[in-house]
Amino acid sequence: MSILNIILQAVAEGKGWAVMGGGIGAGLAAIGAGIGIGKIGGSAMEGVARQPEAAGKIQTMMLIIAALIEAVALFGVVVGLLILLLY
Amino acid sequence: MELLLPSPGLLLWQIVVFLSLFLILKKYAWKGIIGALQEREGEIDSALRMAEETRAEMAKLKADNEKLIAEARIERDKIIKEAKEAADRMLVEAKDKASSESAKILNDSREALKQERAAMIAQVKSDVAVLSIEIAEKVLRKELSDKKSQQSLVSELMSDAKLN
Amino acid sequence: MFKHILLILSLSVLSIFTAYSQHDESHENHGAKTEEHVEEKFNMGEMIMHHITDEHGWEFTHSLKLPLPVILISEGKLAVFSSARFDENKGVYNGFKLDHHHIYKVNEAGEVDHHTKVWDLSITKNVASLLLSTVILLSIFFAVAKGYTTNKGKAPKGIQSFFEPVIVFIKDEVVKPNVGPKYQRYLPYLLTLFFFILVNNLMGLLPGAANLTGNITVTLVLAFLTFIIVHFSANKHYWLHLVAPTGVPPVMYPLFWIIEFIGVLMKPASLCIRLFANITGGHIIILSLLGLIFVFKSFVIGAGVGVFTLFMSGIEIMVAFIQAFIFTLLTSMYIGSAIEEHHEADHGH
């Protein structure tokens with residue numbers, strides 16, 4: 001929280017900058033998550049195409065890993081939201 | 001900002017309500033549901049196992065039956081074969097017996113024929129003797145006159161009789 | 001899974017429209033003479049925040065608000081009254097002031113006293129929704145459990161056959177393979193967790209409903225309970241792995257302690273944030289789409305937005321199931337890794 005406060009104080013002069021920073025940060029997190037989940041999806045598809053009998057297991061694993069990546073992206077979104085809401 | 005900060009009132013309510021929900025459901029719902037599910041799983045398991053066992057038993061019974069049938073078939077074949085052999089043997093025996101009988105009959109009849117013939121020949125011989133005696137008598141009666149013709153006649157007759 | 005991208009999109013759209021509507025305001029000032037009455041200005045950000053945050057009293061639509069009890073403890077005294085009192089008296093009643101969902105103590109002069117701590121244990125919209133979902137869950141699973149006693153030895157019937165596949169799925173596909181052989185002990189908690197999250201996710205999608213699983217307090221409690229269960233049932237291998245990881249020189253231990261400490265805290269934190277952000281994000285997307293109708297006030301936009309909202313609602317229903325599944329799955333995985341029995345052969349150095 002203190003690091004966030006320092007950052008927020010640094011941008012306290014302009015609300016616009018803070019909002020923009022929040023938006024860009026959340027956007028970057030979303031790009032990262034998009035790439036990550038896209039790669040998982042692609043690999044899962046490949047796996048299912050190679051071994052259709054393992055589709056159920058691959059699907060579960062895919063969901064777990066997607067959820068883990070999503071969590072990181074959501075942290076970014078929450079930090080962006082925090083900045084948006086604070087300013 | 002309040003979106004991202006926990007509120008103490010809701011925190012307390014959430015802990016109390018969720019934990020009591022968990023405890024009540026655990027005691028009155030999950031216990032029965034999970035127990036029943038596991039019981040059913042066990043039943044299905046044992047039923048499947050029993051079905052497997054029954055199937056194995058059935059297969060064994062079937063194999064046994066087939067074995068029995070095969071054995072019976074072999075036995076039957078054997079009996080038929082034996083019967084056939086016996087019949088053949090009887091036939092052969094009957095044939096042999098018949099042929100030996102017929103041979104015997106033939107022999108006997110041949111023997112009888114021989115004896116008859118011998119008897120006939122003896123008869124003929126005795127008849128010839130009688131006839132020759134009669135002839136001789138006649139000749140003797142006639143040939144009291146002619147000795148020479150008598151003798152030639154006798155020898156002629158005798159040689160004829162010998163040829164007979 | 002597109003949710004956060006859409007969230008960012010809608011947030012940016014939202015900020016554009018805020019600017020647009022500000023611009024529009026100046027226009028309206030010029031042409032205001034034709035307006036018969038001054039319409040309430042539509043502020044999309046405020047509308048969305050109002051819908052996804054907690055409140056005292058349950059507002060279904062405008063002018064249809066179910067008052068709920070306000071329970072306050074301040075200076076050792078308990079005060080209980082209906083939330084309707086605040087609405088009637090412009091947010092000040094009985095020495096308390098309701099300001100942006102926070103209740104403060106006010107003195108005689110009507111000034112807010114920030115130093116006196118007020119413990120707000122009110123039955124808010126979220127608490128009411130929590131109690132409602134508890135009643136729903138209890139009635140559903142009592143009925144299901146009753147089905148097992150009345151239909152003993154028979155095929156499942158009615159509500160029982162509806163929930164049985166779900167229970168069996170959670171038991172056999174989620175809990176059993178991830179927790180391990182001792183899964184029986186954790187099964188009741190994990191089933192409660194799954195159905196609690198699922199029912200509240202789905203209830204949150206109903207119009208006018210509270211955003212319970214999209215509230216960080218609720219997800220925090222759920223994640224904290226997971227944390228407690230994991231660390232109270234952890235065996236010595238788990239602690240040993242944390243304190244003295246195998247194959248690491250003892251000099252490096254402090255570094256690993258820091259990493260492991262962060263890792264241990266991050267697991268429940270990510271559980272908490274994931275559920276909160278997914279559900280809140282979904283609500284924000286749907287609300288900003290619907291907000292477009294009020295911004296544009298156009299039939300064409302309304303029809304297009306309606307179709308798109310329908311599509312998003314479908315995705316939200318899917319997300320409601322996926323998030324309940326993921327939360328339960330990850331909790332079982334964390335429990336499984338904490339109680340896993342290591343064989344001696346695994347410890348070969």
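Laid out as a table, the results:
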quantity: Qualifying residue in segment C:201-217 (condition: under 28 Å from C:L66 (Cα atoms) and of a type in the set (S, T, Y)); calculated: yes
quantity: When residues of segment C:314-331 are limited to those that are surrounded by 15 or more Cβ atoms within 10 Å (Cβ to Cβ) and of a type outside the set (A, V, I, L, M, F, W, C), the one farthest from the other protein chains (Cβ to nearest Cβ); calculated: C:E316
quantity: Positions within segment C:116-158 being closer than 20 Å to B:F18 by Cα and among the β-branched types (V, I, T), in sequence order; calculated: C:I123, C:T124, C:V127, C:T134, C:V135, C:I136, C:I140, C:V144
quantity: Residue ID - surrounded by the most Cβ atoms within 10 Å (Cβ to Cβ), chosen from residues in segment C:90-145 that are acidic (D, E) and over 13 Å from C:H56 (Cβ atoms); calculated: C:D113
quantity: Residue within segment A:10-31 that is at the interface with chain C (Cβ under 9 Å from one of its Cβ atoms), modelled with pLDDT under 85 and in contact with a His (Cβ under 8 Å, 6 or more places away or on another chain) present; calculated: yes
quantity: Segment A:38-60 - residue that is in contact (Cβ under 8 Å) with a residue 12 or more places away in the chain and closer than 14 Å to C:E173 by Cα and, of those, surrounded by the most Cβ atoms within 10 Å (Cβ to Cβ); calculated: A:I58
quantity: Criterion: without any contact (Cβ under 8 Å) to a residue 12 or more places away in the chain, under 24 Å from C:M333 (Cβ atoms) and in a helix (DSSP H, G or I) - qualifying residue of A:L63, A:L85; calculated: A:L63
quantity: Unmet requirement for C:L64, which otherwise passes all of (1) within 30 Å of C:G281 (Cβ to Cβ); (2) without any contact (Cβ under 8 Å) to a residue 24 or more places away in the chain; (3) within 14 Å of chain B (Cβ to nearest Cβ); (4) aliphatic (A, V, I, L, M); calculated: (3)
quantity: Residues satisfying the stated conditions in segment B:1-25, i.e. out of contact with any Leu (no Cβ under 9 Å at 6 or more places or on another chain), of a type in the set (S, T, N, Q) and part of a helix (DSSP H, G or I); calculated: B:S20
quantity: Search result, residues across segment B:6-33 that are facing chain C (nearest Cβ under 7 Å) and surrounded by fewer than 14 Cβ atoms within 10 Å (Cβ to Cβ); calculated: B:P8
quantity: Boolean, C:I293 is away from every other protein chain (no Cβ under 13 Å), in a helix (DSSP H, G or I), of a type in the set (A, V, I, L, M) and within 29 Å of C:L222 (Cβ to Cβ); calculated: no
quantity: Neighbours by Cβ (under 8 Å, 6+ apart or cross-chain): first from segment C:176-192, more than 11 Å from chain B (Cβ to nearest Cβ) and at positive phi; second surrounded by fewer than 19 Cβ atoms within 10 Å (Cβ to Cβ) and of a type in the set (D, E); calculated: C:G180/C:E340; C:G180/C:E341
quantity: Which listed residue, of C:L329, C:L242, is closer than 29 Å to A:V72 by Cβ, within 33 Å of the chain's Cα centre (by Cα) and modelled with pLDDT of 90 or more; calculated: C:L329
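The values are calculated or read from the model by the stated rules, or taken from the named source; none is laboratory data. Predicted model only: the values in this text are computed from it and were never measured. Virtual Cβ from ideal backbone geometry, glycine too; neighbours counted across all protein chains shown.
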